[in-house]
1. Please go through the stretch 252-273 and give me each residue that is part of a loop (DSSP other than H, G, I, E, B) and surrounded by fewer than 19 Cβ atoms within 10 Å (Cβ to Cβ), ordered by number.
2. Restricting to the stretch 227-265, give me the number of residues that are within 19 Å of Asp211 (Cβ to Cβ) and either within 16 Å of ligand 2 (Cβ to nearest atom) or under 13 Å from the mean Cα position of the chain (by Cα) (or both).
3. Across the stretch 194-210, which residue is farthest from ligand 3 (Cβ to nearest atom) among those that are in a loop (DSSP other than H, G, I, E, B) and touching a Gly at 6+ places or on another chain (Cβ under 7 Å)?
4. Could you pull out every one of the strands (runs of 3 or more DSSP E) wholly within the stretch 90-192 that has 2 or more residues that are closer than 24 Å to Glu28 by Cβ and of a type outside the set (Gly, Ala, Ser)?
5. Six or more apart or on different chains, Cβ atoms under 8 Å: show the pairs whose first residue is in the stretch 221-242 and assigned to a loop (DSSP other than H, G, I, E, B) and whose second is open to solvent by 60 Å² or more (accessible area, probe 1.4 Å).
6. If you check Ser155 against the conditions, is it away from ligand 4 (no atom under 16 Å from the Cβ), among the polar types (S, T, N, Q) and at negative phi?
7. So, in the stretch 134-158, of the ones that are within 19 Å of the chain's Cα centre (by Cα) and of a type outside the set (A, V, I, L, M), which residue ends up nearest to ligand 2 (Cβ to nearest atom)?
8. Scan the stretch 36-50 and tell me whether some residue there is loosely packed, with under 15 Cβ neighbours inside 10 Å and without any contact (Cβ under 8 Å) to a residue 12 or more places away in the chain.
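The values are calculated or read from the model by the stated rules, or taken from the named source; none is laboratory data. The structure displayed is predicted, hence computed values, not measured ones. In this analysis, Cβ positions are derived from the backbone assuming ideal geometry, glycine residues included, and neighbour counts consider all displayed protein chains. The accessibility values were calculated without ligands, DNA or RNA, using every heavy atom of the protein model including side chains. Shrake-Rupley method; radii C 1.70, N 1.55, O 1.52, S 1.80 Å.
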Amino acid sequence: QAKRLGGDRIEPFRPGYKTHASGRVELESDLRRAFGRNELSLMFQPIVKLSSSEIVGFEALLRWNHAKRGPISPYEFIPMAENTGLIVQLGQFALDEATRRLSDWQKLPGQSKLFCSVNISSRQLIRQDLLNDVRHILKRYNLPPETLKLELTESLVMDNPERSAKLLERLKEMGVGLSLDDFGTGYSALSYLIRFPFDTLKIDQTFLRGDAHPQKQIIVQSIVTMAHELGLAVVAEGVDKEIDAQRLRQLNCEYVQSFMFSPPLTAEEARRRLQDRQGRKAAVV
Ligand code: C2E
Ligand code: MG
Ligand code: MG
Ligand code: MG
């Protein structure tokens, strides 16, 4: 539900912006306890190769199912976790759980190259421990490093460009994949694409969902062309029309991640999809 603000700015719908201050404090302490209560889980949204419609990887997405309030959107609880520092624990949980599942799935026939993407927040990135965490995890599960991808946003790397550049270089040396998430919504300083060792660019869904504005198409086309010239692979997020998928195919955009192909799945559902020969091909509407 893209919400139109003044002028031509298109903002993704972020539920929970209006949460009352006192309610928020309560929710923050609930989040602290959510771990012990098993209210947090990971879902996995397929990332599909456009040319074959085959699932080549997943993005791990955190879910909070509050005992009293029901599901709470990550757009609400992730910023909360970032402000309180809880994101470090949440992030560790996501990284660990995602790689544990990934190593299980890679043992399925024909799935040794399957990858999983994990979102990283700035609080996690500036902790020295991230490098150690990643190193240990790759070792523990004996994962090919390139099958773990970390997703970071522009604003994150711009918060602390020098430090980020160093850390990302170290991660790159370890062989893990680095994706620039939500491209086009932040500052989009193109020099950052060259300065940081990203190998994948994820075009934000604001450019691909909803009405087919010719301007949006031009932006998408330019981003894909530029990314390819810079040697980056492209994931288009939130594509919701076959005509757009068709255009992306023509542009040789490699991957797509959207409800049109598959919503986020539980780990069990994801495994079933990979096992089932037909299911591995995400349905094209
Ligand atoms: P993101 O990293 O850009 O993740 C993609 C979001 O787009 C997911 O929302 C996904 O469900 C949604 N999406 C994908 N395809 C479509 C589509 O076709 N239509 C629509 N309407 N939505 C689509 P989700 O799961 O609500 O996550 C929201 C954001 O919360 C993520 O955006 C990410 O920034 C953050 N997040 C989620 N899990 C984590 C995590 O483990 N760590 C951190 N740091 N952030 C996380
Ligand atoms: Mg992401
Ligand atoms: Mg994204
Ligand atoms: Mg996004």
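1. Asn252, Phe259, Pro263, Pro264, Thr266 - these are the residues of the stretch 252-273 that are part of a loop (DSSP other than H, G, I, E, B) and surrounded by fewer than 19 Cβ atoms within 10 Å (Cβ to Cβ).
2. Going through the stretch 227-265 one residue at a time, the tally reaches 7.
3. Asp199
4. Strands (runs of 3 or more DSSP E) meeting the threshold: 115-119.
5. Listed by first residue and then by second, the contacts come to Leu230/Ile194; Gly238/Arg209; Gly238/Phe259; Val239/Arg209; Asp240/Arg209; Asp240/Phe259.
6. For Ser155, the condition - away from ligand 4 (no atom under 16 Å from the Cβ), among the polar types (S, T, N, Q) and at negative phi - is not met.
7. Checked the stretch 134-158; the qualifying residue nearest to ligand 2 (Cβ to nearest atom) is Glu151.
8. For the stretch 36-50, residues loosely packed, with under 15 Cβ neighbours inside 10 Å and without any contact (Cβ under 8 Å) to a residue 12 or more places away in the chain: present.
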